[in-house]
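Here's the structure, in structure tokens; my notes come after.
The values are calculated or read from the model by the stated rules, or taken from the named source; none is laboratory data. In this text the structure is predicted, and so the values were computed from the model without any measurement. Heads up, the Cβs are rebuilt from the backbone with ideal geometry, glycines too, and the neighbour counts pull from every protein chain shown. Quick note on the areas: whole protein, heavy atoms, side chains included, nothing else; ligands and nucleic acids left out. Shrake-Rupley method; radii C 1.70, N 1.55, O 1.52, S 1.80 Å.
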Amino acid sequence: MQDLAGVPHRREVAGKSAIFSGEHFVLEETDWYLLNLFRLWWHYGISFLRLQMWVEEVMEKFMRIYKYQAHGYAFSSLEELLRSLGGDAFVNMTQRSVAESLLEVGVTQRFVDDVIAAVLRSSYGQSVLVPAFAGAMSLAGAQGSTWEVEGGNKLVCSGLLKLTKANVIPARVTGISLHSSEGRALYQVHYEGSEGQGSAFYDMVVVTTPLHPSRTNFTFENFEPPIPDFPGAFQPSVTSVVHGYLNSSYFGFPDPKLFPFASILTTDTPELFFNAMDNICPVNISAAFRRKQPQEAAVWRVLSQQPLDKQQLKTLFRSYYSVQVTEWQTYPRYDAAKSLPPIVLHENLFYLSGVEWVASSMEMIAVAAKNVALLAYNRWHQELEKIDQKDLMHKVKTEL
């Protein structure tokens, strides 16, 4: 994707992390790799190794999707996609919690409560009860293999859009109505923009907006049976970007000059009013850029489930210059639904965002988008042998 979009890596800026319980830090990162390993072993035994082995096993099987897609194979349902990668075990991972799965492979309850909970609160804003597959994706991303784009991650979208040379209509789609032409389905897409309402007819349509009651006022007309809203809800999240002086005393450091952390994760403690916070850097980083010293005013991003009130801001910061707050529904609330949405809504009408209920990340959306593109192509050209095939690992090897 990096090569396709033509986006450069943003230079990494070093910074240590820690996990805060509301009273003290339960785990602190240092500048020394071996000391970090020793601390993990001292506190949690070999749980971190068992975690790493579990995540690597899941990711090794997940990576099969790229071979399948390179050979043009597609899947008509999320369940079929998951089975092709890891059998029924992968499907079951969408129905059982990450905590249950990790405890089963020998990870201790303390490690789950301290470390796994902190990572999931930071990424999904939810507890260790999220499904195991979503949890594995989140934990894989927390192991340091991800990177950011110089100029902002949004450049991935604009770069790919420019590459496709697509005809973009700057309007909001309000609904889709079904028609027919020469015995084939034809879809009328309705939209409204600055110039008023409009519509256009298409042979194929991919719906990317979430089709859940809390996220859409999207309508479907003339479909029989009707296309329903799917069960489930989205997790509210609040991002507060604060320019100010960190109150290091709250974290047990009376002298702000001694505060060593750029990222603070939290355990699942009822008294804690935020999920995570980090000292953020600009989207463009010059060679001379450095992080602010801990006693200096810096820009912090605070993740929480509710907007921070003045007292809470005062708890985290000695003083501040500005606060910018964004409230949004970021990820599915994974305890709200137990069934996966379909990919095929109608003959040539496809649904992309359902993959978020398996796991929500840029990579998962990219994989789902290519799957939909291949599925639409294979169905249109009647290449049915490329859809929902069994034993694909063997087929791919023989094709090589």
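Inter-label distance, Ser249 to Arg318: 0.9 nm, where each label sits 7 Å from its Cα along the C-beta direction. Dividing the summed helix terms, -39500 (n - 2.57) for each DSSP H run of n ≥ 4, by the number of residues in the chain produces a 222 nm estimate of -9000 deg cm²/dmol to the nearest 500.
Which order, highest average first, do 61-71, 121-131 follow once you tally other Cβ atoms within 10 Å for each residue and take the mean per peptide?
Working: 61-71: 15.8, 121-131: 21.5.
The most tightly packed comes first, giving 121-131, 61-71.
For Glu56 and Lys257, what is the calculated FRET efficiency with R₀ set at 51 Å and r taken between the beta-carbons, to the nearest 0.05? Each step should come with its number before you reach the end.
On the way: r = 40 Å, r/R0 = 0.78.
That pair, Glu56 with Lys257, gives E of 0.80.
Across the range 355-362, coupling constants 3J(HN,Hα) worked out from phi with the 6.51/-1.76/1.60 Karplus curve, θ = phi - 60°, read 4, 4, 7, 8, 6, 10, 6, 4 Hz, and Gly and Pro carry x. Report, by chain and number, residues whose modeled amide H sits under 5 Å from the one on Glu148, excluding near sequence neighbours (fewer than 5 apart, same chain). Long-range HN contacts for Glu148: Arg10. The length gained on full extension between Gln306 and Tyr33, counted as 0.36 nm times the residue separation minus their Cα-Cα distance, comes to 94.7 nm. Residues whose amide H lies under 5 Å from that of Arg333, counting only those 5 or more places away or on a different chain, are Ala233, Phe234, Gln235; hydrogens are built 1.01 Å from N in the peptide plane. Based on C-alpha pairs under 8 angstrom that are at least 6 apart in sequence, the range 16-157 has a relative contact order of 22 percent.
Please compute the contact order of the chain in relative form: average sequence separation of alpha-carbon pairs under 8 Å and at least six residues apart, divided by the residue count, as a percent. Don't skip to the end; give the middle numbers.
Values: 658 pairs, mean separation 92.2, N = 400.
It rounds to 23 percent for the chain.
So, with +1 on the Cβ of K and R and -1 on the Cβ of D and E, and no other charges, what is the size of the charge dipole of the chain about its Cα centre, to the nearest 20 debye?
Details: 34 positive and 41 negative charges, 185 e Å.
Result for the chain is approximately 880 debye, rounded to the nearest 20.
Whole-Hz Karplus values for the range 61-72 come out as 6, 4, 5, 4, 4, 5, 5, 4, 5, 4, 9, x Hz, taken residue by residue from phi with 6.51 cos²θ - 1.76 cosθ + 1.60 and θ = phi - 60°; glycine and proline positions read x.
Evaluate E = 1/(1 + (r/R0)^6) for Ala366 and Thr219, where r is the Cβ-Cβ distance and R0 equals 45 Å; express this FRET efficiency to the nearest 0.05.
Values: r = 28 Å, r/R0 = 0.62.
Working from the Cβ atoms, E equals 0.95.
Backbone phi angles across the range 370-377, fed through the Karplus curve with coefficients 6.51, -1.76 and 1.60 (θ = phi - 60°), yield HN-Hα couplings of 5, 4, 5, 4, 5, 5, 4, 5 Hz in residue order; Gly and Pro are listed as x. Annotation for the range 290-345: trypsin sites (Lys or Arg not before Pro) lying in DSSP loop with at most 10 further Cβ atoms inside 10 Å of their Cβ are Arg290. In the full protein context, the range 148-219 carries 64 Å² of accessible surface per residue, based on a 1.4 Å probe and ignoring ligands, DNA and RNA. Selection among Trp380, Ser181, Met59 by position relative to the dipole of the chain gives Met59 as farthest towards the positive end (Cβ unit charges, Cα centre).
At 1.4 Å probe size, with every protein chain present, just tell me what the per residue accessible area of the range 44-110 comes to in Å².
Numbers: 3050 Å² over 67 residues.
I get 45 Å² per residue for the range 44-110.
Heavy atoms only, probe 1.4 Å: what % of the accessible area of the range 1-158 goes to carbon and sulfur, would you let me know? Exposed carbon and sulfur together represent 56 percent of the surface. Between Glu221 and Ile176, Ser177, Leu178, the built amide H atoms are under 5 Å apart, and every one of these is 5 or more places off in sequence or on another chain.
Rounded to the nearest 5, the antiparallel percentage of DSSP beta bridges internal to the chain is 80%. For the set Lys338/Lys386; Lys162/Lys386; Lys61/Lys395; Lys67/Lys370, the pairs lying more than 22 angstrom apart at their alpha carbons are Lys338/Lys386; Lys162/Lys386. Whole angstrom only: what separates the Cα centroid of the range 339-400 from the Cα centroid of the range 236-264? First find each Cα centre; the distance between them is then 44 Å. Carbon-plus-sulfur accessible fraction, the range 200-288 (probe radius 1.4 Å, protein heavy atoms only): 56%.
Checking the a/c ratio against 1.5 first, then a/b against b/c, what shape does the Cα gyration tensor give for the range 1-159?
oblate
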